[in-house]
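Chemist: Input: one structure, supplied below.
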Amino acid sequence: MHSINVHNTLTGKKEPFVPLNGNKVMMYACGPTVYDMSHLGHARMTMVYDVVQRYLRFSGYDVTYVRNITDVDDKIINRAKALGKTPEQVAREYTYTFWHDMHCLNVQPPDYEPKATEFIELMIQFTKELIEKGHAYESAGDVYFDVASFKEYGKLGKKSLEDLLVGARDQVRSQEDLADKKKSPADFALWKSAKEGELAWSSPWGQGRPGWHLECSTMTKHVLGETFDIHAGGEDLVFPHHENEIAQSEALHGKPMSKYWLHNSFVQVNSEKMSKSEGNFSTIQELLAKFSPDTIRLFALQTHYRNPIEFSIEALTASRTALGRILRAAAFAVNSQNGKSFETTGQALLEQTKNQISKATAESLDPVKDETTKQFRAAFIEAMDNDFNTAVAISQLFALADKVFVEKDEAKRQGYATVLVQFARLLGLTLVDTRKQIDSHTVEQIVNLVVELRQNARSNKDYATSDLIRQRLTDAGVSLMDTAGQTTWEKA
């Protein structure tokens, strides 16, 4: 098993990856709070850790990958009030849209996907035990974690308690409102009392709901154990979310929560974080109306996960153009079962590589096994072993694609293309050729142009051309309506 190095936020260093238990890897990534449509910032995180878990499996590890759903939160409750729906309806609706978006982007489902509302009783028990150990206290129906009781608070973000107080977040009320309820402004809610009519559960402290940070600590404990290998998420979660998770879990269990902490950087718009609060985002569904899933994946993975990405339509368009190089090369790949080209039986070849292949399997499936494919595999693996550097790995895909274009030997060219498809699949690229698929906006523009040409033909009394255009559009399922010198159209 080859050595992988990962950047550990906890130590601030790149370290050799050594699982806690042999080749078994327990990995947890923070999932969405389901109160709105997903945008590219959310998708980047899910795609990054989708690739991480894929590569760990490729490297021979037995991976248990968990990604949660936060389906109870103040944002959900507030959105439900605004929409005139119940919080349960809002959470269910946006959970489904999240699943749909991630499926479209070829993000593999996690092994487990716990929802916060499924663990309420266990969260109450977790809170009771923290109180019993002197790490939490009840105050007027709320329960707070006593930050001063955990001496290592701030170790993940490398900041003192004084520094962290500036960024402290409470999901219920302002710090001024809570000043008479909390021992310290840094103390955070484990359990929050509910107002009359709000979503709530019964607890020893009255009707209420869990704090955001408590949810992940409880779910990871009961799905993965008190200590696991990798905890991942966006860099905006370092504080307060992950810092508070560490405090809760380690105060209760007296052992590390996670050995490695991985954090991806933001997607930015004009150098500012893409976020719903800033209103500077495009939903995944809006992007998929114009760009293929592979284009969006390539755009996200061409930058190392720890570096920010500057988003623009121009940048996505450039990724679409670049993807065309890989698609043209992949068309030369051969399905080993029937010898037909990838261009005509691409889905069949994808089925061959659909299941997770190992490093050894990838080498055995290489139909050429010459210096070119040997060097490619070595360079690709070296890049991914270096903190999952997809940017360099993708550059190797382009280099191999160039080899496909210049190779004169047909067997070698097909072999190179087949290897290209296998390793592109490892990054979650489907290589489904969409170059001749046209989005609805472009179709509308084309039809409008054809209608305009027909109108010009009619004005010039070229009725043969006018009638031909009408007939061809009718055959294509487009009906024309001529009224008062104007032509409109609709789908038949």
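Let's see how each residue does on (1) under 18 Å from Lys259 (Cβ atoms); (2) of a type in the set (S, T, N, Q); (3) in contact (Cβ under 8 Å) with a residue 60 or more places away in the chain:
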{"position": "Gly12", "(1), (2), (3)": "yes, no, yes"}
{"position": "Met37", "(1), (2), (3)": "no, no, yes"}
{"position": "Thr46", "(1), (2), (3)": "no, yes, yes"}
{"position": "Arg54", "(1), (2), (3)": "no, no, yes"}
{"position": "Gly60", "(1), (2), (3)": "no, no, yes"}
{"position": "Thr64", "(1), (2), (3)": "yes, yes, yes"}
{"position": "Asp74", "(1), (2), (3)": "no, no, yes"}
{"position": "Arg79", "(1), (2), (3)": "no, no, no"}
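Chemist: Going through region 64-102 one residue at a time, which ones are more than 23 Å from the chain's Cα centre (by Cα) and small (Gly, Ala, Ser)?
Modeler: Ala80, Ala82, Gly84
Residue-by-condition table, conditions (1) surrounded by 20 or more Cβ atoms within 10 Å (Cβ to Cβ); (2) within 19 Å of Asp101 (Cβ to Cβ); (3) not assigned by TED's automatic domain parsing to the domain that holds Gly234:
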residue	(1), (2), (3)
Lys13	no, no, no
Met26	yes, no, no
Gly31	yes, yes, no
Thr46	yes, yes, no
Tyr55	yes, no, no
Asn68	yes, yes, no
Lys75	no, yes, no
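Chemist: Against the definition (more than 17 Å from Ser38 (Cα to Cα) and either among the basic types (Lys, Arg) or under 23 Å from the mean Cα position of the chain (by Cα) (or both)), how does Tyr153 come out, yes or no? Break it down stepwise before answering.
Modeler: Numbers: more than 17 Å from Ser38 (Cα to Cα): yes; either among the basic types (Lys, Arg) or under 23 Å from the mean Cα position of the chain (by Cα) (or both): no.
For Tyr153, the condition - more than 17 Å from Ser38 (Cα to Cα) and either among the basic types (Lys, Arg) or under 23 Å from the mean Cα position of the chain (by Cα) (or both) - is not met.
Chemist: Something else: Given region 399-492, what helices (runs of 4 or more DSSP H) lie entirely inside it while holding 2 or more residues that are under 30 Å from Gln285 (Cβ atoms)? Show your work before the answer.
Modeler: Working: elements: 410-426, 440-459, 463-475.
Passing ranges, in order: 410-426, 440-459.
Chemist: Write out, first by first residue and then by second, each pair whose Cβ atoms fall under 9 Å of each other, whose residues are 6+ apart or on separate chains, and whose first residue, in region 382-400, is in contact (Cβ under 8 Å) with a residue 12 or more places away in the chain while the second is assigned to a strand (DSSP E or B) and surrounded by fewer than 16 Cβ atoms within 10 Å (Cβ to Cβ).
Modeler: Within 9 Å, the pairs are Asp385/Asn5; Asn386/Asn5; Asn386/Lys14; Asp387/Asn5; Asp387/Lys14.
Chemist: Within region 434-480, can you find the residues that are touching an Asp or Glu at 6+ places or on another chain (Cβ under 8 Å) and modelled with pLDDT under 90? Quick ask: steps written out before the conclusion?
Modeler: Here is the first cut: in region 434-480, the residues touching an Asp or Glu at 6+ places or on another chain (Cβ under 8 Å) are 434, 478-479.
Hit for region 434-480 is Thr434, nothing else.
Chemist: Sticking with this structure for a sec: Which of the following residues is farther than 20 Å from Val6 by Cβ and modelled with pLDDT of 90 or more: Ala391, Ala417, Ala362? Explain how you work it out, then say what you get.
Modeler: Values: Ala391 fails: farther than 20 Å from Val6 by Cβ; Ala362 fails: modelled with pLDDT of 90 or more.
Result: Ala417 is the single residue among Ala391, Ala417, Ala362 that is farther than 20 Å from Val6 by Cβ and modelled with pLDDT of 90 or more.
Chemist: Turning to a different aspect of this structure: Can you name every residue in region 23-35 that is touching a residue at least 40 places away in the same chain (Cβ under 8 Å) and more than 18 Å from Thr220 (Cα to Cα)? Lay out the reasoning, then the answer.
Modeler: At the first step, the residues of region 23-35 found to be touching a residue at least 40 places away in the same chain (Cβ under 8 Å) are 24-35.
Within region 23-35, Val34, Tyr35 meet the criteria.
Chemist: Here is a further query. Against the definition (of a type in the set (Asp, Glu) and more than 25 Å from Tyr49 (Cα to Cα)), how does Asp385 come out, yes or no? Walk me through it before giving the result.
Modeler: Details: of a type in the set (Asp, Glu): yes; more than 25 Å from Tyr49 (Cα to Cα): no.
When the stated conditions are applied, Asp385 does not pass them.
Chemist: For region 384-410, give me each residue that is under 16 Å from Thr372 (Cα atoms), surrounded by fewer than 16 Cβ atoms within 10 Å (Cβ to Cβ) and within 21 Å of the chain's Cα centre (by Cα).
Modeler: Once the filter is applied, which keeps residues that are under 16 Å from Thr372 (Cα atoms), surrounded by fewer than 16 Cβ atoms within 10 Å (Cβ to Cβ) and within 21 Å of the chain's Cα centre (by Cα), region 384-410 yields nothing.
Chemist: Which pairs have Cβ atoms under 7 Å, sit 6 or more apart or on different chains, and link a residue in region 107-130 that is in the same structural domain as Lys221 (by TED's automatic domain parsing) to one that is among the aromatic types (Phe, Trp, Tyr)?
Modeler: Once the first residue is in the same structural domain as Lys221 (by TED's automatic domain parsing) and sits in region 107-130, its partners that are among the aromatic types (Phe, Trp, Tyr) give Pro110/Tyr65; Asp111/Tyr65; Ile120/Trp201; Thr127/Trp191; Leu130/Phe145.
Chemist: Got a sec? Which of Thr46, Thr33 is at pLDDT 95 or above, closer than 15 Å to Val66 by Cβ and touching a Lys or Arg at 6+ places or on another chain (Cβ under 8 Å)?
Modeler: Numbers: Thr33 fails: closer than 15 Å to Val66 by Cβ.
Every option except Thr46 fails the conditions.
Chemist: What's the total number of residues in region 306-335 that are surrounded by 15 or more Cβ atoms within 10 Å (Cβ to Cβ), within 22 Å of Thr283 (Cα to Cα) and either free of Cβ contacts under 8 Å to residues at least 40 places away in the same chain or assigned by TED's automatic domain parsing to the domain that holds Asn389 (or both)?
Modeler: Total meeting the criteria: 5.
Chemist: Okay, moving on. Any chance you could count how many residues in region 5-23 are farther than 22 Å from Val107 by Cα and either assigned to a strand (DSSP E or B) or of a type in the set (Lys, Arg) (or both)?
Modeler: Residues in region 5-23 being farther than 22 Å from Val107 by Cα and either assigned to a strand (DSSP E or B) or of a type in the set (Lys, Arg) (or both): 8 in total.
The values are calculated or read from the model by the stated rules, or taken from the named source; none is laboratory data. On a predicted model such as this, the values are computed, not experimentally measured, just so you know. Don't worry about glycine lacking a Cβ; one is built from the backbone with ideal geometry, like all the others, and counts go over all protein chains shown.
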